[in-house]
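Reading through the structure tokens given below for one structure.
Just so you know, all these numbers are worked out from the coordinates, no wet-lab data involved. Here the structure is a predicted model, which is why all the values come from computation and not from measurement. All Cβ positions, glycine included, derive from the backbone under ideal geometry; neighbour counts span all protein chains shown.
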Protein chains: 2
Amino acid sequence: MPENAQKEQPRRRQARGERRVAQLLEAAASVFCTTGYTAASTNAIAREAGVSPGTLYQFFPNKEAIAIELGERLVHEMREAYGEALAPVDPATPLEQAVGAAVDRFIAFNCDHPVFFALMHGPDVPGRLTEEHDALHATLIGRVEALLSSFLPDAPSADITRTAQMALGIYMAGLELVLAREGAERDAYVQEIKNALIRYLDPLVGDRLGRPGLTRTPPR
Amino acid sequence: MPENAQKEQPRRRQARGERRVAQLLEAAASVFCTTGYTAASTNAIAREAGVSPGTLYQFFPNKEAIAIELGERLVHEMREAYGEALAPVDPATPLEQAVGAAVDRFIAFNCDHPVFFALMHGPDVPGRLTEEHDALHATLIGRVEALLSSFLPDAPSADITRTAQMALGIYMAGLELVLAREGAERDAYVQEIKNALIRYLDPLVGDRLGRPGLTRTPPR
DNA sequence: CCAGAATGCGAGCGACCACTCGTGTTTGTC
DNA sequence: GACAAACACGAGTGGTCGCTCGCATTCTGG
């Protein structure tokens, strides 16, 4: 069998088709964002995009594929964002700065793409997307673990993992609070995430050289 | 119209009926827990309880009412649990102790009733339950705010609220991690929640009298 | 300019699900 | 034992939703 071990030959697309796909994904993002994945109906997505249900199925084989495609594009963008945000950290940089930069980037991404949180955090996401989310989550945990290990080379790996999970959990909890706010209040919550993470992590990494960690409010 | 301004006269129940209700709620808890509210079918709940769908509707007017009843019973139990856990706090008690006791109680409750987290945290819960959840959440926030205020009488209320939200968020994030673990690992995560909360809150309440907060590793 | 492909439409199909109803069984009461 | 009310059943009903299909329209290569 010489041709086509591919599961799908990427059927030829015209410019109009590409535009429709983008239009449909945008509409899907909007609908998923407000109603969640399961509650979102494909007819609603088509209506939001201003096309007929039949047209939608011209470009996506089924409802799940819409979420998959959307998720993949978001994860791709996310990889770029977190690649910059968590990849190279000089152990000499102060904790405040490292945490602040990482949080700012991730928060910015999630504020730009609120669908991401909705899709990746809903309990009703289709199986294929869950895998994608788990993979991303595992990568993130791995990065944080690596960072922590570089600060605490002697700590048992179970402790490192637990700390990484907790740190990511704190960030996620804060993200949820941030997304529910706007303007100045939102900024204040972003700062609060940084406070929480720094206070959580500093006693660990601050001790690595006998350094007394964060400067506390002096006795004055 | 002399009689019945009630929306429902609580029709007379036999002992058998009470048993069925309990049986159905237990089955519903199990199904909600594994599939979430929306994905759970009333037929599945009836099957899990070993009765016919018709029987289920003998005791509940609709699917939402099942979740409502389940939620109300849980919230009722919860009120008792948190009443003990957060109500009276002597400002002299050390932070570790207060946080530890509160966390232990709430964790124990959620481990005993995993449905609670599933029902109250799913994005797909029916409107009526959301109100219930919001009310509970508001009460909890209020309690934490009151506690914080007693430690920090001079702090602006916006800061207090933000800190309370963040503290609750940290707890929730930890709870999710805890529920996904078992045995010794679970205990370690419970401890980690306490660590996170103490480190987050101590710099605030530790300063209330010029006390230098948690003893850090001394400069030696 | 003209085949043929890509795009677009929307009524409709099949499956699923919350919920009902007619009928039969058990239980409490006199 | 008799009567009514509570309980139990499960096939059926109406509605929703994912998805299809036949057909019309627009685009592209030759």
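Mind checking the full-extension length gain between B:GLN191 and B:ARG105? Use 0.36 nm per residue of separation minus the Cα-Cα distance, one decimal, nm.
Numbers: separation 86, 0.36 × 86 = 30.96 nm, distance 1.29 nm.
Here the answer is 29.7 nm.
At A:ALA138, label 7 Å along Cα→Cβ: distances to the other copies, nm, ascending?
4.3
If you take the charge dipole of the protein assembly as shown about its Cα centre, with +1 on Lys and Arg Cβ and -1 on Asp and Glu Cβ, which of B:PHE32, B:PRO156, A:GLY183 is farthest toward its positive end?
B:PHE32
Under unit Cβ charges (Lys, Arg +1; Asp, Glu -1), what dipole magnitude, rounded to 20 debye, does the protein assembly as shown have relative to its Cα centre? Before the final figure, lay out each step's value.
On the way: 46 positive and 58 negative charges, 96 e Å.
Charge dipole of the protein assembly as shown: 460 debye, to the nearest 20.
Sorted from largest to smallest, which semi-axis lengths in Å does the alpha carbon gyration tensor of the range B:131-208 give for its equivalent ellipsoid, taking the root of 5 times each eigenvalue? The partial results should precede the final answer.
Values: eigenvalues 125, 60, 11 Å².
Semi-axes (√(5λ), whole Å): 25, 17, 8.
Report the rotationally averaged projected area of chain B based on its alpha-carbon convex hull, in square nanometres.
Values: hull surface 69.0 nm².
Taking a quarter of the hull surface, the average projection is 17.3 nm².
For chain A, with a Gaussian network of springs between Cα atoms less than 10 Å apart, report the residue from A:GLN191, A:GLN97, A:GLN165 with the top mean-square fluctuation.
A:GLN97
What distance in nm separates the simple spin-label points at A:LEU152 and B:THR93, each placed 7 Å from Cα in the Cβ direction?
In this crude label model, A:LEU152 to B:THR93 measures out at 2.8 nm.
Please give the contour-minus-distance gain from B:GLU84 to B:ALA22: 0.36 nm per residue of separation, less the Cα-Cα distance, rounded to one decimal in nm.
On the way: separation 62, 0.36 × 62 = 22.32 nm, distance 2.62 nm.
Once the chain is fully extended between B:GLU84 and B:ALA22, it gains 19.7 nm.
Based only on the alpha carbon positions, what is the Kirkwood hydrodynamic radius of the range A:14-60, in angstrom? All intermediate terms of the calculation are to be shown ahead of the outcome.
Details: mean 1/r = 0.0958 Å⁻¹.
Evaluated over the range A:14-60, this radius sits at 10.4 Å.
Under the rule that an exposed site lies in a DSSP loop and has at most 15 other Cβ atoms within 10 Å, name the longest stretch of chain B with no GluC sites (Glu not before Pro) of that kind, not counting the sites themselves. Display every interim value, and only then the final one.
On the way: sites that count: B:GLU3, B:GLU8, B:GLU182.
The reported range is B:9-181.
Which of A:GLY100, A:GLY83, A:GLY183 moves most in a GNM of chain A, Cα contacts under 10 Å?
Maximum fluctuation in the GNM of chain A, among the listed residues, is at A:GLY183.
Around A:ALA81, what is the net charge, scoring Lys/Arg as +1 and Asp/Glu as -1 over all other residues with Cβ under 12 Å from its Cβ? Working shown, then result.
Details: positive: A:ARG79, A:ARG105; negative: A:GLU77, A:GLU80, A:GLU84, A:ASP104, A:ASP112.
Net charge in that neighbourhood comes out at -3.
One decimal, nm, shortest first: give the distances between the label point of B:ASN43 and those of the same position in the other copies, each label point 7 Å from Cα along Cα→Cβ.
The answer, with the shortest distance listed first, is 2.1 nm.
Roughly how big is the range A:16-75's charge dipole about its Cα centre, with Cβ charges of +1 (Lys, Arg) and -1 (Asp, Glu), in debye to the nearest 20? Don't jump to the answer; show the numbers that get you there.
On the way: 6 positive and 6 negative charges, 37 e Å.
Computed about the Cα centre, the dipole is about 180 debye.
Counting each DSSP H run of 4 or more residues in chain A as -39500 (n - 2.57), what helix-only mean residue ellipticity at 222 nm follows after dividing by all residues, to the nearest 500 deg cm²/dmol? List each step's numbers first, then the result.
Details: 9 runs with 157 residues, N = 220.
So the calculated ellipticity at 222 nm is -24000 deg cm²/dmol.
Cα to Cα, under 17 Å, and not fewer than 8 places away if on the same chain: which aspartates and glutamates meet these conditions relative to A:LYS194?
Straight-distance partners of A:LYS194: A:GLU96, A:ASP104, A:GLU176, A:GLU185, A:ASP202, B:ASP159, B:ASP202.
Evaluate the distance, in nm, between pseudo-label points positioned 7 Å from the Cα of A:THR55 and of B:ARG12 along their respective Cα→Cβ axes.
Here the modelled spin labels are 6.3 nm apart.
Would you mind giving the mean number of other chain beta-carbons within 10 Å of the Cβ of each residue in B:187-196, as a whole number?
Values: counts 0, 3, 4, 0, 1, 7, 2, 0, 6, 10.
Shielding by partners across B:187-196 averages 3.
Grab the beta carbon distance between A:GLU64 and B:ILE141, set R0 = 35 Å, and tell me the FRET efficiency rounded to 0.05. Mind showing how you got there, number by number?
Working: r = 37 Å, r/R0 = 1.06.
The computed FRET efficiency comes out at 0.40.
Kindly write out, for the range B:66-80 in residue order, the coupling ³J(HN,Hα) from the Karplus curve 6.51 cos²θ - 1.76 cosθ + 1.60 (θ = phi - 60°), rounded to whole Hz, with x marking Gly and Pro.
Residue by residue, the range B:66-80 yields 5, 4, 4, 4, 4, x, 5, 4, 5, 4, 4, 4, 4, 4, 4 Hz.
Rounded, prolate or oblate: pick one for the protein assembly as shown, where a ≥ b ≥ c are the square roots of the eigenvalues of its C-alpha gyration tensor, a/c under 1.5 means rounded, and failing that, prolate if a/b is larger than b/c, else oblate.
Oblate is the answer for the protein assembly as shown, as a/c is 1.5 or above yet b/c matches or exceeds a/b.
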